[in-house]
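**Q** Once you've had a glance at the structure underneath, I'll fire off some questions.
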Amino acid sequence: MRVAVTGATGTIGQALVGELRDRGDEVTVLSRDAGRARDAFGGAVEAVTWRDPKTEPAPAEGLAGRDGVVHLLGEPIAQRWSDATKREIRDSRVLGTENLVRGLATAEPRPRVLVSQSGEGIYPRGREPVDESAEPARGEFLTDIVTAWEGEAMKAADLGVRVVTPRTGVVLSPQGGALATMLPFFKAGVGGPVAGGDQYVPWVHLDDVVGALIFCLDRDEAHGPVNVVAPNPATNRELSKALGRVLGRPTFAPVPALALKLLYGEMAKLVITGANVVPRRLEELGYRFRRPELEPALRAATGRGG
C-alpha cells in the first residue's frame, strides 16, 4: 500500500510510519520541512513539502497515486488555553483539513481513503457510556472544533473518497501526552487521583491508536466516526492506583480541582469531568485490541513490562 501521512513527526505519526514501513508499505510524508522530515526517518520515506497547511492546499504530488492518507496534523490540546492557543488549536485542525481536501481534489489518481484524526472531546462529559451514536455536547469549545474538523474531512466523500474520523482518547505513551505529564509526579510519590477521581478517563495505548488507524485504512467497512479508546474504561482513581502499582510508588496525594484549574485554566474541565467513551464501532468491525487492559498497558507505556 502507498500511504501519505501528515503530522508524521509527532508521537502518533512516528509510531504509525514505523509500523507502515514494517509491513512493507511505501510512505510519503507531507511536512513543512521535507528535508528535515526525511532525515527524521533515516531517508526511508518520501517527503514532500507542505509549507503552510493553514493557508495553502496540500501538494497534489504528495497525494496522487497513493492508496490512502492518514491526516494527523493539529496543535496539542493538553496545554493552557489562551485566546491565541484556542485559535491555533482550531485553525490547525479545521483549516489544515480543509486544505488537505483541496489538495485531494486536484490529485489524480486520487487516494481511495482518508483517515482523518479526530477527538473524543465532542462527547458529553459524565459517567454514562457514550458511543459513536451519541449526540455531541452543546456549547463546548472542543465540541465545536471537532464538529467543524470532521465536517471538513467529510467533504472528501464528495470526491469519492472513503472517510474515517477516528475519535482518539487519552493516549498512553511516555513520548508525549497525558502520561508523560503525569510520570514525574508519580515517580516522586506525589501523584494521585484528580478532583475526586470518579470521572472516567477514555484511555488508549499508543499501540492501539496505530493499530486502529491502520485497521481503518484497510477495512472498506470503516467509515465516519470511530472511537479509538480501550474497551475497558477506567476512572481517574483507577488509573492513578494502577500507575502507582506499576511504578511502585504511593498514590495518596489527591490533586484538587482548583489546582488543576490554576495550572490549565479552561482546559482543566476535560480532566475534571471526563467522559466514558466506548469503542462500539471498532468492536463491531472486529478490531482486536493489542493492549485492552489498563495495568499491562501502563507497564508497556512506562517500560516496566506488560
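**Q** Could you list all residues from the stretch 210-229 that are outside any helix (DSSP H, G or I) and within 14 Å of the chain's Cα centre (by Cα)?
**A** Within the stretch 210-229, 225, 226, 227, 228, 229 qualify.
Listed here are the residues, each with its yes/no results for (1) under 15 Å from residue 182 (Cβ atoms); (2) polar (S, T, N, Q); (3) loosely packed, with under 15 Cβ neighbours inside 10 Å.
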residue: 228; (1), (2), (3): no, no, no
residue: 233; (1), (2), (3): no, no, no
residue: 241; (1), (2), (3): yes, no, no
residue: 246; (1), (2), (3): yes, no, no
residue: 252; (1), (2), (3): no, no, yes
residue: 259; (1), (2), (3): yes, no, yes
residue: 265; (1), (2), (3): no, no, yes
residue: 268; (1), (2), (3): yes, no, no
residue: 276; (1), (2), (3): no, yes, no
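**Q** If you don't mind, another one. State whether one or more residues within the stretch 248-255 are on the phi < 0 side of the Ramachandran plot and out of contact with any Gly (no Cβ under 8 Å at 6 or more places or on another chain).
**A** No, the stretch 248-255 contains no residue that is on the phi < 0 side of the Ramachandran plot and out of contact with any Gly (no Cβ under 8 Å at 6 or more places or on another chain).
**Q** Out of all the residues in the stretch 211-226, which are surrounded by fewer than 24 Cβ atoms within 10 Å (Cβ to Cβ) and of a type in the set (Val, Ile, Thr)?
**A** Matches in the stretch 211-226: 214 only.
**Q** Take the residues in the stretch 5-43 that are of a type in the set (Gly, Ala, Ser) and in contact with a helix residue (DSSP H, G or I) (Cβ under 6 Å, 6 or more places away or on another chain); name whichever of them is surrounded by the fewest Cβ atoms within 10 Å (Cβ to Cβ). I'd like the intermediate steps shown before the answer.
**A** Within the stretch 5-43, the first condition is being of a type in the set (Gly, Ala, Ser), and the residues that meet it are 7-8, 10, 13, 15, 18, 24, 31, 34-35, 37, 40, 42-43.
Okay, now just the ones that are also in contact with a helix residue (DSSP H, G or I) (Cβ under 6 Å, 6 or more places away or on another chain), so 7-8, 15, 31.
Numbers: 7: 22, 8: 25, 15: 19, 31: 26.
Among those residues, the one meeting the criterion is 15.
**Q** Only helices (runs of 4 or more DSSP H) wholly contained in the stretch 246-305 count here; list those with 1 or more residues that are acidic (Asp, Glu) and under 25 Å from residue 190 (Cβ atoms).
**A** Because the criterion is at least 1 residues that are acidic (Asp, Glu) and under 25 Å from residue 190 (Cβ atoms), the helices (runs of 4 or more DSSP H) in the stretch 246-305 that meet it are 294-302.
**Q** Right, something else. Which of the strands (runs of 3 or more DSSP E) contained wholly in the stretch 85-180 include at least 1 residues that are closer than 28 Å to residue 265 by Cα and among the β-branched types (Val, Ile, Thr)?
**A** 126-130, 162-168, 170-172
**Q** So residue 164 fits all but one of (1) within 18 Å of residue 10 (Cβ to Cβ); (2) touching a helix residue (DSSP H, G or I) at 6+ places or on another chain (Cβ under 7 Å); (3) buried (at least 21 other Cβ atoms within 10 Å of the Cβ); what number is the exception?
**A** Of (1) within 18 Å of residue 10 (Cβ to Cβ); (2) touching a helix residue (DSSP H, G or I) at 6+ places or on another chain (Cβ under 7 Å); (3) buried (at least 21 other Cβ atoms within 10 Å of the Cβ), only one is false for residue 164: (1).
**Q** Given the condition basic (Lys, Arg), in contact (Cβ under 8 Å) with a residue 60 or more places away in the chain and touching a Leu at 6+ places or on another chain (Cβ under 7 Å), answer yes or no: does some residue in the stretch 229-252 qualify?
**A** Within the stretch 229-252 (the criterion being basic (Lys, Arg), in contact (Cβ under 8 Å) with a residue 60 or more places away in the chain and touching a Leu at 6+ places or on another chain (Cβ under 7 Å)), the answer is no, since none of the residues qualifies.
**Q** Also, I was wondering about something else. Give the residue that is nearest to residue 233 (Cα to Cα), with candidates limited to residues of the stretch 140-194 that are small (Gly, Ala, Ser) and at pLDDT 85 or above.
**A** 169
**Q** May I ask you to list the residues in the stretch 18-74 that are of a type in the set (Lys, Arg) and more than 24 Å from residue 218 (Cα to Cα)? Steps first, please.
**A** If we filter the stretch 18-74 for residues that are of a type in the set (Lys, Arg), which is where we start, we get 21, 23, 32, 36, 38, 51, 54, 66.
Answer for the stretch 18-74, where residues must be of a type in the set (Lys, Arg) and more than 24 Å from residue 218 (Cα to Cα): 32, 36, 38, 51, 54.
**Q** Any idea which residue in the stretch 77-118 is nearest to the chain's Cα centre (by Cα), counting only those that are at pLDDT below 95 and among the hydroxyl-bearing types (Ser, Thr, Tyr)?
**A** Looking at the filtered set, the residue picked out is 85.
The values are calculated or read from the model by the stated rules, or taken from the named source; none is laboratory data. Only a predicted model underlies this, so the values are computations on that prediction, with no experimental measurement involved. Cβ atoms come from the backbone with ideal geometry, glycine included; neighbour counts cover every protein chain shown.
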